[in-house]
1. Output the number of the condition that Asp42 fails; it satisfies all remaining conditions of (1) within 30 Å of Lys240 (Cα to Cα); (2) open to solvent by 70 Å² or more (accessible area, probe 1.4 Å).
2. Listed residues Lys71, Lys55; which is out of contact with any helix residue (DSSP H, G or I) (no Cβ under 9 Å at 6 or more places or on another chain) and exposed (fewer than 11 other Cβ atoms within 10 Å of the Cβ)?
3. Among the residues of the stretch 119-128 satisfying the criterion of being touching a strand residue (DSSP E or B) at 6+ places or on another chain (Cβ under 9 Å) and either open to solvent by less than 40 Å² (accessible area, probe 1.4 Å) or within 11 Å of the ligand (Cβ to nearest atom) (or both), which is nearest to Phe70 (Cα to Cα)?
4. Which of the residues belonging to the stretch 136-187 are within 18 Å of Ala47 (Cα to Cα) and among the β-branched types (Val, Ile, Thr)?
5. May I ask you to list the residues in the stretch 87-118 that are within 11 Å of the ligand (Cβ to nearest atom), over 10 Å from the mean Cα position of the chain (by Cα) and not in a loop (DSSP other than H, G, I, E, B)?
6. Looking at the stretch 59-86, which of the residues that are out of contact with any strand residue (DSSP E or B) (no Cβ under 8 Å at 6 or more places or on another chain) and under 30 Å from Asp167 (Cα atoms) is nearest to the ligand (Cβ to nearest atom)?
7. Of these, Ile166, Ile179, which one is free of Cβ contacts under 8 Å to residues at least 40 places away in the same chain and hydrophobic (A, V, I, L, M, F, W, C)?
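The values are calculated or read from the model by the stated rules, or taken from the named source; none is laboratory data. Computed from a predicted structure; not experimentally measured. Reconstructed Cβ throughout: ideal geometry from the backbone, glycine too, with neighbour counts over all protein chains shown. With ligands, DNA and RNA removed, areas are computed over all heavy atoms of the protein, side chains included. Shrake-Rupley method; radii C 1.70, N 1.55, O 1.52, S 1.80 Å.
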Amino acid sequence: IVIVIIAVVLGLTLRQNKSEFKSTFLSRCEKFNQTDCQKVWDAFEQAYVNKDPCKVAVEAYDPLIVAAPFKPQCNRMMFWSKTKDVVHGFTEKRDCFVTLEDTLLGSVLDGLTWCGKEGSKGTFTTGCPGWSECENNPVRSFWRRISAAFADVACGDVTAMLSGSIDTPFNPTSIFASIEVVRFQASRIKSLNVVMVLQQNAKSNCTDPSLKNLRQTLDTGITYSCKDVPESRIQECGAKPEIACGACW
Ligand code: N1C
């Protein structure tokens, strides 16, 4: 009995010691069936633990991609740049598209900040470098690595939602432009269909010059299209399941 009590108390304190960050990671991960979440955590953690938080290379996450590979979902993959809220407002309600945040790794780390420290085994969530503070920070390298892996498996007809509310909807410094589009392969992808999300007082649309760069960057053999769509239409389609996915815009 004494041993059982000691074991229970030890177990409880150990559980309390588990950081809130790791708990969030594991509980989000457990929603994906048939996943060894502890194994995924271990592969994740090794990328940044005990490292200077400005010296985490994109490649540090290679073992994580091996531990939790992306499955291609042809014709349903959705990319985006500066339209996260509209895209997820839509994908939450309708099962038309899969974004990176619907995948195991994307959903588990969406919205989180983390870093390690030299000489420590811990994961920290405060005092970590900001997105642009230093290039090789754990969060930025993570999104670059997993965005590349997601783009690598893209296939069939691919959709991308870009923002008409900014001057340069296809911005060369974005992850979409610098990591994803450049990896789209004509052998796998038939078409890239851009949806320009137009809000009130839009600043740009499908005629924007930056989209010329997009077409030039695209592998020859991938068909390009662009459609200007009011944000209200995307919201309407999210709210009305009777509208077929293919008839949304
Ligand atoms: O730099 P972006 O847009 O062009 O990146 C978006 C692009 C999407 O197609 C996704 O596949 O890259 C992928 N991606 C995410 O899925 C993602 N989720 C959360 C890239 N970044 C992601 N984040 C966070 O959004 C990330 O931490 C960073 O701060 C932003 C980048 O989004 P953006 O500039 O609007």
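1. (1)
2. Details: Lys55 fails: exposed (fewer than 11 other Cβ atoms within 10 Å of the Cβ).
Within the list Lys71, Lys55, the selection yields Lys71.
3. Thr123
4. Residues of the stretch 136-187 that are within 18 Å of Ala47 (Cα to Cα), as a first pass: 136-149.
Of everything in the stretch 136-187, those that are within 18 Å of Ala47 (Cα to Cα) and among the β-branched types (Val, Ile, Thr) turn out to be Val139, Ile146.
5. Within the stretch 87-118, Val87, His88, Val98 meet the criteria.
6. So in the stretch 59-86, the residues out of contact with any strand residue (DSSP E or B) (no Cβ under 8 Å at 6 or more places or on another chain) come out as 59-72, 84-85.
Among the residues that remain, those that are also under 30 Å from Asp167 (Cα atoms) are: 84-85.
On the way: Lys84: 6, Asp85: 10 Å.
Once the filter is applied, the top-ranked residue is Lys84.
7. Details: Ile166 fails: free of Cβ contacts under 8 Å to residues at least 40 places away in the same chain.
None of the others qualify; the one that does is Ile179.
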